[in-house]
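To keep things clear, I will list the structure first and then write my remarks on it.
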Amino acid sequence: MTRSPFRAILASVVMTVTAPFAAAWAQSSPVKFLDQGWSKETRELYYFTPQGSRMVPYAWFMALEQPDGAGMFADSAYLQRFGLIPADGPHPLNPGGLPIGLALDPAPSVTGPDLGLTCAACHTANVTVEGQRIRIDGGAANFDFDSFYAVLADAITRTFFDEAAFEKFAGRLLVNPTPTGAAELRLQLADFQSRIAGEAVIRRPTLQSGFGRVDAMTQIVNALAVLDQGTPHNLRSVSAPTSYPSLWLAPHLEFVQWTPIGSSPIARNAGEVLGVFGTSTLSGDPSGWYASSVLLNELEAVESWIEGLQPPKWDEALFGPIDRDLAASGAELYRQHCLGCHNAPPYRRTDPEKNFFKKTFIEIGRVDYREIGTDPAYMNSFLARMVRTGPATAPVNDGAAVLPAGNYLLNTTEAILVRLIREANVSEEQQAALFGFRLRPPVTPGGLPQPYEPSSPFDLKASPLPGIWTSGPYLHNGSVATVHELLSPVEERRAVFWTGGRELDRERLGFVSEDAPGRFRFDTSLPGNHRTGHLYPPQGLSPDERNAIIEFLKTF
């Protein structure tokens, strides 16, 4: 495939907004980068390459004030309160000096380039040790997406309804303000305010997510089945947030997602884009069906970068020495009690004879959510959800008028990708690579290869655990603050803790999670936040055994 011209398009964006942020970079303390197999160039391309997300006009975002008018919305210090990570320095793809994971979409529009999110916003982490900032590329982010978007919508609404705020907004955007120009801008803002206010209501969670969590599955299906398809009856509440997973190993795993239904890398990444302000046409003129804003070439590049991403290693000079004798004891305990679900190096691999291309992948563990005893809200909401199709989506869902949300998501995303691939004139060999070679041999000789199908809709995924010390809090819903508590009886797990802190808890593995300004109070008594389950082994572990397993987890 030929590369898209997005770099040239973005280079034409006005650069005058860059200067105020350069001083912020110069004043910030240095970040320590671990060796995860990425060069500086690859890292920054991952941070700022657009993927098809169109959240807000870029120029408007840069001209927008905070909802209380106390400063500019794009101010790096202000955006950090939502867990976004400041850029490390100037980059051609980031002329405004915005945080990691915010990117300019190259599609031309009346208002200029749009600003959107990339996977880096939710899958890049900074951690600290005694104040030293350390970057974890591909790590579980601290981003409070729900609060960020709600406040952005509030800022847009204030700008539209507050005359003084609008005049300042217009003054920043219009080089030579005229009554006609201001009136046209007001009409554009009126249309956008109506849309973002409505979408903010659709995305507002009934259970607050806080830092490092989002109900992504519900929001992706709402985006497709409600907004793009135009079927209000399909709306469901955003009520089951899950933690952001780490990305390393993802291209090598047989299946991904907390409920392991995703095998295709390009479908996984396209679904992410469609859930965070990507657009798709699922109504209207049939000639436009399945058109989307998804940037196929860019997603292919992102996946290639992630494929080379290595898990972060415990740096003993930074984090403290590993007790090798204790870790050896922990390795034996891990083998007895954990390895059956949580694969570990050297990884168990899938049978190449069960793959059409003779490819092999890292096996994942699967546990029936009804047996593991963790909070069932996420699985219940996903399994119980049914979706009504429309004229555009029924044909790709076997003509079904109503079907489970998981099937709707997979089939509709595939239809969007089929159009993208057809229009890009992608060869069969390239298509196989895009879909990660996830095809089974034909059922009958001479038949067609078969897609990878989930073995059970009731499974939760038990991932391999390299770098798990960067990914607290734990369980799929982030309800247990540290690994030590996860290995402990439920009554010894904290009922309340605070998320948003980034100082590593190097003894218990996780983050220091006491009350402090700007943090989120995580109440495990709330449905969706329960800290129950994952009681392995059934007889429990002694404190010394827990410490031994923790020490072992630092070694890979």
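Within segment 117-130, the set of residues being of a type outside the set (S, T, N, Q), over 15 Å from residue 43 (Cα atoms) and not in a loop (DSSP other than H, G, I, E, B) comprises 117, 127, 129. Here's a check for you: in segment 141-151, which residue that is in contact with a strand residue (DSSP E or B) (Cβ under 7 Å, 6 or more places away or on another chain) and assigned to a helix (DSSP H, G or I) is surrounded by the fewest Cβ atoms within 10 Å (Cβ to Cβ)? Residue satisfying both the conditions and the ranking: 146. Out of segment 506-556, which residues are charged (D, E, K, R), assigned to a loop (DSSP other than H, G, I, E, B) and surrounded by fewer than 18 Cβ atoms within 10 Å (Cβ to Cβ)? Once the filter is applied, which keeps residues that are charged (D, E, K, R), assigned to a loop (DSSP other than H, G, I, E, B) and surrounded by fewer than 18 Cβ atoms within 10 Å (Cβ to Cβ), segment 506-556 yields 506, 507, 514, 515, 519. In segment 157-207, which residues are modelled with pLDDT of 95 or more, among the hydroxyl-bearing types (Ser, Thr, Tyr) and farther than 30 Å from residue 234 by Cβ? Once the filter is applied, which keeps residues that are modelled with pLDDT of 95 or more, among the hydroxyl-bearing types (Ser, Thr, Tyr) and farther than 30 Å from residue 234 by Cβ, segment 157-207 yields only 159. Taken over segment 277-323, the criterion of being among the acidic types (Asp, Glu), surrounded by fewer than 22 Cβ atoms within 10 Å (Cβ to Cβ) and under 24 Å from residue 246 (Cβ atoms) is satisfied by 300, 303, 307, 315, 316.
For segment 305-327, a residue qualifies if it is in contact (Cβ under 8 Å) with a residue 60 or more places away in the chain and either part of a helix (DSSP H, G or I) or in contact with a strand residue (DSSP E or B) (Cβ under 7 Å, 6 or more places away or on another chain) (or both), and the qualifying residues are 305, 306, 309, 312, 318, 319, 326, 327.
Being on the phi > 0 side of the Ramachandran plot and under 21 Å from the mean Cα position of the chain (by Cα) is the filter here, so list the residues in segment 38-92 that pass it. Answer for segment 38-92, where residues must be on the phi > 0 side of the Ramachandran plot and under 21 Å from the mean Cα position of the chain (by Cα): 52, 83. Determine whether residue 479 is in contact with an Asp or Glu (Cβ under 8 Å, 6 or more places away or on another chain) and in contact (Cβ under 8 Å) with a residue 60 or more places away in the chain. Taking the combined requirement at face value, the residue satisfies it. Take residue 398 and tell me if it is at pLDDT 95 or above, among the acidic types (Asp, Glu), within 30 Å of residue 228 (Cβ to Cβ) and out of contact with any Phe, Trp or Tyr (no Cβ under 7 Å at 6 or more places or on another chain). Against the criterion (at pLDDT 95 or above, among the acidic types (Asp, Glu), within 30 Å of residue 228 (Cβ to Cβ) and out of contact with any Phe, Trp or Tyr (no Cβ under 7 Å at 6 or more places or on another chain)), residue 398 qualifies. In the set (1) touching a Lys or Arg at 6+ places or on another chain (Cβ under 8 Å); (2) of a type outside the set (Val, Ile, Thr); (3) surrounded by 18 or more Cβ atoms within 10 Å (Cβ to Cβ), the condition left unmet by residue 455 is number (3). Identify, please: which residue in segment 336-378 is among the small types (Gly, Ala, Ser) and part of a loop (DSSP other than H, G, I, E, B) and is, among those, surrounded by the fewest Cβ atoms within 10 Å (Cβ to Cβ)? Per the criteria, the residue is 340. Considering only residues that are under 23 Å from residue 477 (Cβ atoms) and in contact with a Lys or Arg (Cβ under 9 Å, 6 or more places away or on another chain), which ones fall in segment 255-267? 255, 256, 257, 258, 259, 260, 262, listed by residue number. Against the test of being hydrophobic (A, V, I, L, M, F, W, C) and in contact (Cβ under 8 Å) with a residue 60 or more places away in the chain, the options 420, 448 yield a single qualifying residue, 420. Go through segment 504-556 and report how many residues are in contact with a helix residue (DSSP H, G or I) (Cβ under 6 Å, 6 or more places away or on another chain) and farther than 29 Å from residue 340 by Cβ. Total meeting the criteria: 1.
The set of residues in segment 398-418 that are polar (S, T, N, Q) and either surrounded by fewer than 20 Cβ atoms within 10 Å (Cβ to Cβ) or more than 16 Å from residue 220 (Cβ to Cβ) (or both) comprises 407, 411. In this structure, is residue 485 among the acidic types (Asp, Glu) and either modelled with pLDDT under 95 or out of contact with any strand residue (DSSP E or B) (no Cβ under 7 Å at 6 or more places or on another chain) (or both)? Criteria met by residue 485.
Let's see how each residue does on (1) of a type in the set (Asp, Glu); (2) in contact (Cβ under 8 Å) with a residue 24 or more places away in the chain; (3) within 24 Å of residue 279 (Cα to Cα); (4) out of contact with any Pro (no Cβ under 9 Å at 6 or more places or on another chain):
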{"residue": "93", "(1), (2), (3), (4)": "no, yes, yes, no"}
{"residue": "114", "(1), (2), (3), (4)": "yes, yes, yes, no"}
{"residue": "117", "(1), (2), (3), (4)": "no, yes, yes, yes"}
{"residue": "121", "(1), (2), (3), (4)": "no, yes, yes, no"}
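Does residue 333 meet the test of being more than 26 Å from the chain's Cα centre (by Cα) and either touching a residue at least 40 places away in the same chain (Cβ under 8 Å) or not in a helix (DSSP H, G or I) (or both)? When the stated conditions are applied, residue 333 passes them. Looking across segment 259-304, the residues that are part of a loop (DSSP other than H, G, I, E, B), within 24 Å of residue 359 (Cβ to Cβ) and either of a type outside the set (Gly, Ala, Ser) or without any contact (Cβ under 8 Å) to a residue 24 or more places away in the chain (or both) come down to 259, 260, 261.
The values are calculated or read from the model by the stated rules, or taken from the named source; none is laboratory data. It should be emphasised that the depicted structure is a prediction, and the values quoted were computed from it without experimental measurement. Every residue, glycine as well, gets a Cβ built from its backbone with ideal geometry; the counts of neighbours run over all protein chains shown.
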